[in-house]
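The values are calculated or read from the model by the stated rules, or taken from the named source; none is laboratory data. Fair warning: this is a prediction, and the values are worked out from it, not measured in the lab. Cβ atoms come from the backbone with ideal geometry, glycine included; neighbour counts cover every protein chain shown. These accessible areas exclude ligands, DNA and RNA; they are computed on the full protein's heavy atoms, side chains included. Shrake-Rupley method; radii C 1.70, N 1.55, O 1.52, S 1.80 Å.
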Amino acid sequence: MSNNIKLDESWLNYLATEFEKPYFSDIKATLINEKKAGIVHFPPSSLIFAALNHTPFHKVKVVIIGQDPYHGLGQANGLCFSVNDGIAIPPSLVNIYKELKSDLNIDIPQSGNLIHWAKSGVLLLNAILTVRANQPASHKNIGWENFTDKIIETISEKKQNIVFMLWGNFAKSKKKLINTSKHLILETAHPSPFSVNYGFFGCSHFSKANDYLKKNNIEPVNWAL
């Protein structure tokens with residue numbers, strides 16, 4: 001990770017001090033040292049903060065929390081569950097699309113790129129923002145969760161009527177960071193093929209999110225891709 005990564009100013013207003021903390025120095029040192037050792041990371045450095053840059057703080061309506069980026073070549077684009085155009089749609093995202101079709105009768109997209117959601121106010125936040133090539137969860141303990149927990153806490157504290165979609169046990173563990181009295185939390189199983197039939201199919205989170213937003217005089221998300 002280079003020092004010239006740009007972060008949207010709306011987020012810098014809340015997160016600037018995080019970059020000065022020891023844990024963030026540790027993250028940078030880990031990434032720099034691994035890169036010197038020839039280790040490949042995903043996503044590319046320019047996309048590490050893509051979720052924040054595509055969804056400025058003032059535009060956030062919905063937060064979807066993932067664990068860490070896809071670890072295959074060309075997959076990760078800095079948005080959780082999302083892959084670059086032209087990349088095969090991963091199984092979890094296939095299931096998300098199936099639920100979207102069932103819930104809102106939205107045709108299943110040909111691309112797995114979720115940038116339209118991001119630009120529509122859906123913060124697609126991985127709790128861990130980097131990964132080594134072909135090594136899932138390889139950056140689990142280098143410090144990223146300190147940073148992304150701060151993001152979740154800041155949204156909870158500074159905003160009103162945000163929808164948090166917590167899919168699977170890892171995402172549900174972030175519930176403690178959210179003020180449940182002023183936000184909507186939607187919880188269900190992870191869309192992975194291993195767990196999708198334990199509540200994800202039929203959860204209707206997309207329509208529930210829009211119903212809540214409309215009830216609070218917030219423009220609903222256009223989930224069509």
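Cross-linked pairs 150/174; 119/172; 158/182: Cα-Cα separations exceed 22 Å for 119/172.
Here the dipole of region 148-190 is about 60 debye; that uses its Cα centre as origin and unit charges on the Cβ of Lys and Arg (positive) and Asp and Glu (negative). How would you classify the chain from its alpha-carbon gyration tensor, with a ≥ b ≥ c the square roots of the eigenvalues: rounded for a/c under 1.5, else prolate if a/b is greater than b/c, otherwise oblate? Note, shape of the chain comes out oblate. Backbone amide hydrogens, once placed in the peptide plane, bring residue 185 within less than 5 Å of 164, excluding anything fewer than 5 places away on its chain. Classify region 175-225 as rounded, prolate or oblate, taking a ≥ b ≥ c as the square roots of the eigenvalues of its Cα gyration tensor: rounded when a/c is under 1.5, otherwise prolate if a/b is larger than b/c and oblate if not. Oblate. Structure remark: mean-square fluctuation, Gaussian network model of the chain, C-alpha springs under 10 Å; the largest value among 130, 55, 180 belongs to 180. Ranking of 149, 26 by solvent-accessible surface, largest first: 26, 149 (1.4 Å probe, protein heavy atoms only, all chains present). How high is the relative contact order of the chain, given as a whole-number percent (alpha carbon pairs under 8 Å, six or more residues apart)? Value for the chain: 23 percent.
Springs join every pair of Cα atoms under 10 Å in this Gaussian network model of the chain, and among 48, 128, 96 the largest mean-square fluctuation is at 96. Build a GNM of the chain with springs between Cα atoms under 10 Å apart, and of 178, 106, 152 the one that fluctuates most is 106. In whole Å, how far is the Cα centre of region 178-203 from that of region 34-72? First find each Cα centre; the distance between them is then 22 Å. This model, with +1 at the C-beta of Lys and Arg and -1 at the C-beta of Asp and Glu, gives the chain a dipole about its Cα centre of some 220 debye. For residue 107, the accessible area of its heavy atoms, probed at 1.4 Å with every protein chain present, is near 110 square angstrom.
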